[in-house]
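Every read-out reported here was derived from the displayed coordinates using simple, explicitly stated rules and does not represent laboratory data. What you are looking at is a predicted structure, and each value in this text was computed from that prediction instead of being measured. Virtual Cβ from ideal backbone geometry, glycine too; neighbours counted across all protein chains shown.
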Amino acid sequence: MKTTREEIKELIIDKLQSIVDGAGKTIFGDVFGYPEAEFKEYPVAVVMSKGIDGENLDSGRNQRTFQFTVDLYQEQTRAGRTPEEAENIMGRTTDKIIEAFDTDPNLSGEVLVVRIVKATFDFKATSGTFNFATFDIDCVSIVQNY
């Protein structure tokens, strides 16, 4: 069982990178485990640590909840994707992420449980036009209390 923030973040990154579409093609252009804003191919996922919670289970074990956000970005430009195409891509990508974690609720036995606890969606016109989604993901592990 993985018991550190970095190990669990890598599990989430690996899970996202393994998601494929109906044709077997990876759905993400890139997946980052750090703040990044230079994207080459969309959609993009950025995994960030949000926090850690914990409680003592008994004299030898702690239960830790590692909290992460996964931010999705999809471009929407005349040269790239139309508003409808961008929305459809975000919808399919969102469904694939939820399905991937629903069908692997303990990340192949590496955590006690992983939960998508919240997802929000947005649209912004900044230096470009993007569709956004943010997933709050909690991973629970049992850690030996040394």
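A few comments on the model shown:
- Angle between the chain longest axis and helix 83-102 axis [Cα atoms, degrees, rounded to 10]: 20
- For Asp138, Asp104, Asp21, the sequence from fewest to most other C-beta atoms within 10 Å is Asp21, Asp104, Asp138.
- Computed from Cα atoms, the angle from the helix 5-18 axis to the main principal axis of the chain rounds to 40 degrees.
- Counted without the sites themselves, the longest stretch of the chain free of GluC sites (Glu not before Pro) in a DSSP loop having at most 14 other beta carbon atoms within 10 Å is 42-146.
- Radius, Kirkwood style, for the chain when every pair of distinct Cα atoms is counted (Å): 16.1
- In the chain, helical runs assigned H by DSSP with n ≥ 4 each contribute -39500 (n - 2.57); averaged across all residues and rounded to the nearest 500, the mean residue ellipticity at 222 nm is -8000 deg cm²/dmol.
- Compared with the alpha-carbon gap, the fully stretched path from Glu55 to Asp102 is longer by 14.4 nm at 0.36 nm per residue.
- Counting other Cβ atoms within 10 Å as a rough exposure proxy, the listed residues Ile19, Ile52 run Ile52, Ile19 from fewest neighbours to most.
- Scattering from region 11-56 was approximated by placing one identical point on each alpha carbon and applying the Debye formula without solvent; log10 I(q)/I(0) at 0.16, 0.21, 0.28 1/Å stands at -0.52, -0.74, -1.06.
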